[in-house]
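The structure appears right after this line, and notes come after that.
The values are calculated or read from the model by the stated rules, or taken from the named source; none is laboratory data. Fair warning: this is a prediction, and the values are worked out from it, not measured in the lab. Cβ coordinates were reconstructed from backbone atoms using ideal geometry, including for glycine residues, and neighbour counts include every protein chain displayed.
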Amino acid sequence: METHLEVQAVSKAFGRVTAVRELSAAVPRGSVFGLLGPNGAGKTTTIRMVMRIVLPDSGRILFGGRDIDDELRELIGYLPEERGLYRRMRVLEHLTFLGEVRGLARPEARRRAGAWLEILGLADKASRRVEELSKGMQQKVQFAGAVIHEPEMVILDEPFTGLDPIATRQLKEEILSMRGRGTTVLFSTHVMPQAEELCDHICLINRGRAILQGRLDDLRAEHARQALRVESTAPDSELAAVAGVATVRSADGRRVLELAPGCGVEATIRALAAAVPLSGVQVVRDSLEDIFIKRVEADHDAVA
Amino acid sequence: MMRWRKVWPVLRREYLSRVQTKAFWISTALVPILLVAMMVLPAWFMRRTGGDFRVAVVTADGELAREITERTREHAAARTGPGRMTVTIEPVEPAPDAAAQRLDLKRRVANKELAGIVWRPETGIGTGEVEYLSVNVTAVRLVSELESVVSTAVTKRRLLDAGVARDRLEALTRRVSVRPVRIGEDLRETAEAAFEKSFALSYILTFTVYMTLIFYGYYVMRSVIEEKSSRIVEIIVANLRPMELMVGKIFGVGAVGLTQYLIWVIVAINLGVTGLVAGAAMSAPLVDPKLMIFFVIFFVMGYFQYAALYAAVGAAFNTEEEAQQTQSLMSLILVPSMLLMFPVMASPDAKFAVIVSLIPVFSPVLFFTRMTVQMPPGWQIALCLALMLVSIFVIARFAAAVYRVGILMYGKKPTLGDIWRWSRQG
């Protein structure tokens, strides 16, 4: 897959604090890319460097194979974590203004602003002041402002914070539909289930460095330990004796069998069925969150 | 390095969002009214200090006493309208015991029977000095009335003593008024309405420059802080360079100021500010259009310097309250302009006036005020404009650097040292 955005060994320090350290990552064109990490990991700084809001101390950032500059960044739609609007401006005028700032000619900006208000169901609010809108409506306007110029890539910094469940679902649908149209989506989050649900690719960063990255499916296959959740009348000792089972523990009335390294799921289930009475078997895998926590803890241990 | 297609939307937004407010139109109408009021009200209040005053005149000279009494009566009769002042003279013969008489009269002043005492017991040419005793010796109008009446009366008395015929006294003691004529370029003579009115025009124009610099600089600062506190700034600098945003903002707010100036200038040229101030319908003395052009130029040059400084201040702080302290530093730059305005106006050619008026941050007020009094030589005008251009460039560089770093800094209030560091790294 073609690389759309590439960050090469980028570092950035603020005074004595190093926010990003030798970070490298590649965002494939047309993917949904998750930039994951705990608070303070360097996600926002990385994104700001891509948007040239702060400039890296060292390293390169390539967009479509070329060093990014103020013209190339026009091809990106950006929604920062800290975001707001001019409160006294009228809604249609505001969206038009954002369109112009993003590089559209005024008539085109106005046309698209009107169209977006239709899509968002805010057409009747066009001549209201921004401050008269509810918070949810303002968030929709902000989002529309970020993508009004139909960018090749959309970068969303912690887009789900502060959204109610309905708005969260709408945004998820919007992200997937943008991918459907061929737009690359990069978003940062520290909420793993969201990333797991949406992303094709992830980059996990901690304390300014990438500690895990790649296709989500590959990472899962590689890093997620597998386990079997079984319903059985057999005692723990009998279950533990089956070939391929490493440990047995009880969780909400069922037993969870961790598999020994190198043992396939299928072979272990066969062995179990032959050895003990079974009324139900379920394959469970580590969630992204489990992987995330384990890796971050391992990273801290490595330093400590 | 600046993309005007990017600057333009910011400029238009700043301009329209201000011009479309009622506040803009109200202030456009109100500022000239306020300024004229500031000129006219003190005089008006002064006139309200009228009333009836009884003044004892102690003199052995009956002729002099009569002259003073008559003159004040004439003046009182000539005055009409609100704030009219009448002075009644009570002639008093000097008593043999001067000390006792003086004490007695002072008691009457203390009892408010008398407003004051004019003490001139001697006759003849005298010392050229007369005592006036009162509890309130700063009642300017009363004192100047007495001064004028007593002085004329004594002069007449001296002339009489010198053998001048009584019927020639009026003609010989008539007041002489000085009519100002301004020597302009080409040595052309222009009659000035009056000293006070010409002063009023200088004052109004200069003060307008001063006030608008503060106002519009402050608008720029508020606008920057608003973008920070509403968290829209990051959305914008994702597509605009900070410099483009700052320039768009300064030009946009400046265009608002210019609009206001053009309205004032057009109205002033058509009405004649001098006519307004005099409170009389005067057709001839319109404001010099050339001076009006400099009025606009000096506002613009001053505005760029101050707006850039204010933009940097706004970018450094998170709230207006935080910015307040640094703003008082800003007034350290602006206030001397105001304090030096009168000395410079009084002697616009003095070396001191020339030097301070050429300091770029003072020029918008002080050099311009010199222009309103008399046009400085061409080389000074050229030097002044050149120095201001350099200053604009230097300040803009500094401000842009602080602005670039400051707009994304939230949290702790920066110190002046921090701001200096930002200006280095930006």
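Some notes on this structure:
- Residue identified as in contact (Cβ under 8 Å) with a residue 60 or more places away in the chain, in contact with a helix residue (DSSP H, G or I) (Cβ under 8 Å, 6 or more places away or on another chain) and among the charged types (D, E, K, R) among A:Glu108, A:Glu152, A:Glu100: A:Glu152
- Among residues that are in contact with a Phe, Trp or Tyr (Cβ under 7 Å, 6 or more places away or on another chain), more than 10 Å from chain B (Cβ to nearest Cβ) and outside any strand (DSSP E or B), A:Leu5 is not included.
- Check on A:Arg229, outside the structural domain of A:Val50 (by TED's automatic domain parsing), among the charged types (D, E, K, R), outside any helix (DSSP H, G or I) and in contact with a strand residue (DSSP E or B) (Cβ under 7 Å, 6 or more places away or on another chain): yes
- Wholly enclosed helices (runs of 4 or more DSSP H) of the range B:226-337 bearing at least 1 residues modelled with pLDDT of 90 or more and within 14 Å of another protein chain (Cβ to nearest Cβ): B:233-237, B:242-271
- Where a residue in the range B:308-337 is on the phi < 0 side of the Ramachandran plot and its partner, wherever it lies, is surrounded by fewer than 18 Cβ atoms within 10 Å (Cβ to Cβ) and among the charged types (D, E, K, R), with Cβ under 6 Å and at least six apart: B:Glu322/B:Lys413
- Residue list for the range A:86-100, filter: hydrophobic (A, V, I, L, M, F, W, C) and at the interface with chain B (Cβ under 9 Å from one of its Cβ atoms): A:Met89, A:Phe97, A:Leu98
- Comparison of A:Arg225, A:Arg249, A:Arg229, A:Arg255 shows that the only residue that is charged (D, E, K, R) and buried (at least 17 other Cβ atoms within 10 Å of the Cβ) is A:Arg255.
Here is a yes/no grid of residues against (1) more than 29 Å from A:Pro38 (Cβ to Cβ); (2) of a type outside the set (Val, Ile, Thr):
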{"site": "A:Gly182", "(1), (2)": "yes, yes"}
{"site": "A:His201", "(1), (2)": "no, yes"}
{"site": "A:Gly214", "(1), (2)": "no, yes"}
{"site": "A:Glu222", "(1), (2)": "no, yes"}
{"site": "A:Val242", "(1), (2)": "yes, no"}
{"site": "A:Glu258", "(1), (2)": "no, yes"}
{"site": "A:Arg270", "(1), (2)": "yes, yes"}
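- Taken over the range A:246-283, the criterion of being without any contact (Cβ under 8 Å) to a residue 40 or more places away in the chain, assigned to a strand (DSSP E or B) and of a type outside the set (A, V, I, L, M) is satisfied by A:Thr247, A:Arg249, A:Ser250, A:Arg254, A:Arg255, A:Glu258.
- Going through (1) under 30 Å from A:Pro159 (Cα atoms); (2) outside the structural domain of A:Leu36 (by TED's automatic domain parsing) one by one, A:Ile205 falls short only on (2).
- When A:Arg16 is tested against (1) at pLDDT 90 or above; (2) more than 16 Å from the chain's Cα centre (by Cα), just one condition goes unmet, and that condition is (1).
- Checked against the criterion of being modelled with pLDDT of 85 or more, assigned by TED's automatic domain parsing to the domain that holds B:Arg158 and part of a helix (DSSP H, G or I), the range B:112-131 has no qualifying residue.
- Cβ-Cβ under 8 Å pairs, at least 6 apart or on other chains, the range A:56-68 side assigned by TED's automatic domain parsing to the domain that holds A:Val20, far side exposed (fewer than 11 other Cβ atoms within 10 Å of the Cβ): A:Arg60/A:Asp67; A:Ile61/A:Asp67
- Residue in the range A:55-74 that is within 9 Å of chain B (Cβ to nearest Cβ) and at pLDDT 95 or above present: no
- Selection count where residues are away from chain A (no Cβ under 14 Å) and in contact with a Ser or Thr (Cβ under 9 Å, 6 or more places away or on another chain), scope the range B:210-225: 4
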